[in-house]
């Protein structure tokens, strides 16, 4: 990048918020996707306002410089990693909570607000933003919109996209697109909000978001249920949801995951081939208890080996925090795990779990399966260490096999992590030639010069 | 249209399913938008399969013939009315329910399936598709997707777009775009499903839809609450929702609407300046009763003049049917009413209701206000008779004033009816130059020849 351009970009954000220092550039050349396929950026810029973002993007538009938006850096698919140098636009300084309306049940935030900080802030209003990625302590609302993130509570409360009623995006030519914000529902023209939601920063820079909120549940009860096999647990989940019993969370965990939680997170979990972690939200204990009773009846029919209940907040938080930190915990054991993120139809969950085990065996990869089984979103972690010859390649092969299996069962290769760099070779397998053609036409229409987060989602 | 093209189009669907008869063409030149701005089509075609739709669209693409998709014809905004002749594509014969999965809580239907027929069919499975347009007896699922339709239960259960997990669309060049179907959530590439949802047939012909379903509620209770003014009723709604009490329906009705329901629908309603009609869904009576009690406390603080409760299914259905038929009933009294469809922030509902009354007075138009106040979607009906000089013009002026007011309060001009022909002059006022530019770029990218339902949503 020309010295002159570097100086002009630096002038926009100030010298303290621009860096071409190689140490910084290395840090900004990776995210939580362990397998490096990206490149170093030429410069990292940390704007503090929409106007600064517009100034930077206008420069990029003029000089055809790639722009990669980023904030928490918790992407699991290389979505915020540069591939052709250029600018990494770090939005972490844009972390203001602009307005909460208790009357309208809404909040407006800048893109860099961290999920957990937002929900801590909203507690005083008795409100919360329900989608809860496991990375909630570090991920930002802007990143959640870029990937349509969700998490354990999606089964009851839905995904990020379900909550967005307003969005401001800096377009690839620097113009500001201001969408909605006051109406809880709309039939007014093309649904641009949901086009930018899930677009992984390839159509513009998400700078401001207005979200619908929910009232905090008045009563929360957690439960753990032991099973003799992951398939029994999977069948229980599918049958529970089909019976119209929708817990706030219903997470499946296999033997390997349970062992790690026992040993690394020091959680006093009993021995079991599989477990379900459940959370029930209600107005009071009787409402939560009713749902639990219905769950218990189905679980018993699937040979459940026992259910333990927790209502103590400290105890519950310890259990859920250990679940959320599973990915990080495994990273300590094996530094380059690959996370799968498939979604299959509910009725196919037991089959998917069985096939995942078979695929792991066939590829000689150690694997752990857990995830948001209630909406069919089964995560597996393929445990690998890049430094051990062959291990990463075998994990990648298993990853591909699992994704193919999801498509064969009628599902998707990604429920909440996005495609990023990681899965872009498979986009055409899921969406077909026609689907990818339409996506590319949209990309071309909105970003004709191709400067916004290039090489993500589909192959160019 | 050339005789040769007419013959070729007719050959695709068979002579029984094609018409150039002037009586048919007149019928297909209007929908439920009373003010005619459209044109006669050249031909009406009633295909019976996706392949037939593709054949027709390929011909249209080749000869640059406008294609206007249509099914129930219940659009309130001229969305399925031709403006430049061409083909009206009537999808009513494509009315098959393809597959219900009780295990996966999903149904796949052709676009021409009527909403009420679908829900009658789903009852045997204990399932339902919640969005409930007042036109449910005639509107089709394809049309609901085209407009992102909703209705009285949207406040609790959301809108059509929230339920679509799969969609098949015949593109303007005749190719079939097949999106999703098996995954309950997705982060896989651009959200094309939500781009085609709400696109009013301007990007392609929606031919098949896969919907998520819900388990039928086990207990239903209705209530009517009397108020001394529409503002008191509006304030009660806003406060109820803000308190986290979400009824399955919370409908506001003013004096004029109540009078019509009393006199025309023979409903024994007491005198009141305004009423709220409510429906509570629960697992049992106690759950519904708890929500009602919370509502009652707020209503009493807003000087509620009495609440009556109904749990008898026949009595409840009579009341809700009368509410659903309000538009049709008014049409008997004044043949050319104009329906407004604004959404405002919840906290602005009382102000919106007050302003609507003022606008009606100022423009000398008789008006009735009712609607889905729980999500801020306030409908007014501007009562007019095209045959009385000036009346329709005054109603249109009032309509514009109400839409401007909605934008000033931070809302939208349409919550569930769509823009169609009716409001396309105002799209730029709501979405700005940048918003309309992006919409037009998307239209151009997917329908470069501009044959799909031209002149809708925005001005060309």
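Evaluate the following for residue A:158: is it crowded, with 24+ Cβ neighbours inside 10 Å and within 22 Å of residue A:136 (Cα to Cα)? Answer is no for this residue.
When the residues of segment A:340-368 are narrowed to those that are surrounded by fewer than 21 Cβ atoms within 10 Å (Cβ to Cβ) and not in a helix (DSSP H, G or I), which ends up nearest to the chain's Cα centre (by Cα)? The extreme case among them is A:366. Residues of segment A:421-455 that are touching a strand residue (DSSP E or B) at 6+ places or on another chain (Cβ under 9 Å) and more than 30 Å from residue B:108 (Cα to Cα): A:422, A:446, A:451, A:452, A:453, A:454.
From B:438, B:402, grab the single residue that is surrounded by 21 or more Cβ atoms within 10 Å (Cβ to Cβ), in a helix (DSSP H, G or I) and not assigned by TED's automatic domain parsing to the domain that holds residue B:351. Steps first, please.
On the way: B:402 fails: not assigned by TED's automatic domain parsing to the domain that holds residue B:351.
Among B:438, B:402, only B:438 is surrounded by 21 or more Cβ atoms within 10 Å (Cβ to Cβ), in a helix (DSSP H, G or I) and not assigned by TED's automatic domain parsing to the domain that holds residue B:351.
Scanning segment A:297-312 for residues that are out of contact with any strand residue (DSSP E or B) (no Cβ under 8 Å at 6 or more places or on another chain) and either part of a helix (DSSP H, G or I) or touching a residue at least 12 places away in the same chain (Cβ under 8 Å) (or both) yields A:297, A:298, A:300, A:301.
Yes or no, residue by residue, for (1) over 27 Å from residue A:347 (Cβ atoms); (2) without any contact (Cβ under 8 Å) to a residue 60 or more places away in the chain:
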| position | (1), (2) |
| --- | --- |
| A:245 | no, yes |
| A:253 | no, no |
| A:259 | yes, yes |
| A:266 | yes, yes |
| A:270 | yes, yes |
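Check B:261, B:275 and return the single one that is part of a helix (DSSP H, G or I), in contact with a helix residue (DSSP H, G or I) (Cβ under 9 Å, 6 or more places away or on another chain) and under 22 Å from residue B:133 (Cα atoms). Working first, answer last.
Numbers: B:275 fails: part of a helix (DSSP H, G or I).
Being part of a helix (DSSP H, G or I), in contact with a helix residue (DSSP H, G or I) (Cβ under 9 Å, 6 or more places away or on another chain) and under 22 Å from residue B:133 (Cα atoms) holds for just one of B:261, B:275, which is B:261.
The single condition from (1) more than 27 Å from residue B:151 (Cβ to Cβ); (2) assigned to a loop (DSSP other than H, G, I, E, B) that residue A:294 fails is (2). Of all residues in segment B:365-392, those being touching a helix residue (DSSP H, G or I) at 6+ places or on another chain (Cβ under 9 Å) and more than 30 Å from residue B:242 (Cα to Cα) number 6. The C-beta contact set for segment A:102-119 (first residue within 14 Å of chain B (Cβ to nearest Cβ) and buried (at least 24 other Cβ atoms within 10 Å of the Cβ), second residue at pLDDT 95 or above and part of a helix (DSSP H, G or I), distance under 8 angstrom, 6+ apart or interchain) comprises A:107/A:118; A:107/A:122.
Report whether or not residue B:26 is outside any loop (DSSP other than H, G, I, E, B), closer than 30 Å to residue B:395 by Cβ and out of contact with any helix residue (DSSP H, G or I) (no Cβ under 9 Å at 6 or more places or on another chain). Give the derivation first.
Details: outside any loop (DSSP other than H, G, I, E, B): yes; closer than 30 Å to residue B:395 by Cβ: yes; out of contact with any helix residue (DSSP H, G or I) (no Cβ under 9 Å at 6 or more places or on another chain): yes.
In short, yes.
Scanning segment B:213-222 for residues that are assigned to a strand (DSSP E or B) and either at the interface with chain A (Cβ under 10 Å from one of its Cβ atoms) or crowded, with 23+ Cβ neighbours inside 10 Å (or both) returns B:214, B:215, B:222. Do we have any residue at all in segment A:369-385 that's surrounded by fewer than 21 Cβ atoms within 10 Å (Cβ to Cβ), touching a residue at least 12 places away in the same chain (Cβ under 8 Å) and either more than 17 Å from the chain's Cα centre (by Cα) or not in a loop (DSSP other than H, G, I, E, B) (or both)? Yes - at least one qualifying residue is present in segment A:369-385.
Among the candidates A:401, A:393, which residue alone is more than 14 Å from chain B (Cβ to nearest Cβ) and at pLDDT 95 or above?
Values: A:393 fails: at pLDDT 95 or above.
Just a single option satisfies the conditions, and that option is A:401.
In a loop (DSSP other than H, G, I, E, B) and more than 25 Å from residue A:190 (Cα to Cα): is that true of residue A:429 in this structure? Considered against the rule, which asks whether it is in a loop (DSSP other than H, G, I, E, B) and more than 25 Å from residue A:190 (Cα to Cα), residue A:429 comes out as no. Here the condition is being in the same structural domain as residue B:351 (by TED's automatic domain parsing), surrounded by 22 or more Cβ atoms within 10 Å (Cβ to Cβ) and not in a helix (DSSP H, G or I); of B:418, B:410, it holds for B:418 alone. Candidates B:231, B:137: the one that is away from every other protein chain (no Cβ under 13 Å), within 30 Å of residue B:310 (Cα to Cα) and part of a helix (DSSP H, G or I) is B:231.
The test for being buried (at least 22 other Cβ atoms within 10 Å of the Cβ) and either at pLDDT 95 or above or touching a helix residue (DSSP H, G or I) at 6+ places or on another chain (Cβ under 7 Å) (or both) does not hold for residue A:426. Selection of segment B:444-460 for residues being modelled with pLDDT of 95 or more and either surrounded by fewer than 21 Cβ atoms within 10 Å (Cβ to Cβ) or more than 8 Å from chain A (Cβ to nearest Cβ) (or both) yields B:444, B:445, B:447, B:448, B:449, B:450, B:451, B:452, B:453, B:454, B:455, B:456.
Pick from segment B:326-339 the residues that are assigned to a helix (DSSP H, G or I) and out of contact with any strand residue (DSSP E or B) (no Cβ under 8 Å at 6 or more places or on another chain): which of them is nearest to residue A:185 (Cα to Cα)? The residue in question is B:328.
Residue B:37 fulfils the conditions (1) crowded, with 19+ Cβ neighbours inside 10 Å; (2) part of a loop (DSSP other than H, G, I, E, B); (3) under 21 Å from the mean Cα position of the chain (by Cα) except for a single criterion, (1).
Taken over segment B:172-195, the criterion of being farther than 22 Å from residue A:188 by Cβ, in a loop (DSSP other than H, G, I, E, B) and within 7 Å of another protein chain (Cβ to nearest Cβ) is satisfied by B:175, B:181, B:182, B:183, B:184, B:185, B:186, B:187, B:188, B:189. Residue B:149 falls short on exactly one of the conditions (1) in a loop (DSSP other than H, G, I, E, B); (2) more than 9 Å from chain A (Cβ to nearest Cβ); (3) within 25 Å of residue B:373 (Cα to Cα), and that condition is (2).
The values are calculated or read from the model by the stated rules, or taken from the named source; none is laboratory data. These numbers come from a predicted model, not from an experiment. Every residue, glycine among them, receives a Cβ derived from its backbone with ideal geometry; neighbour counts consider all protein chains shown.
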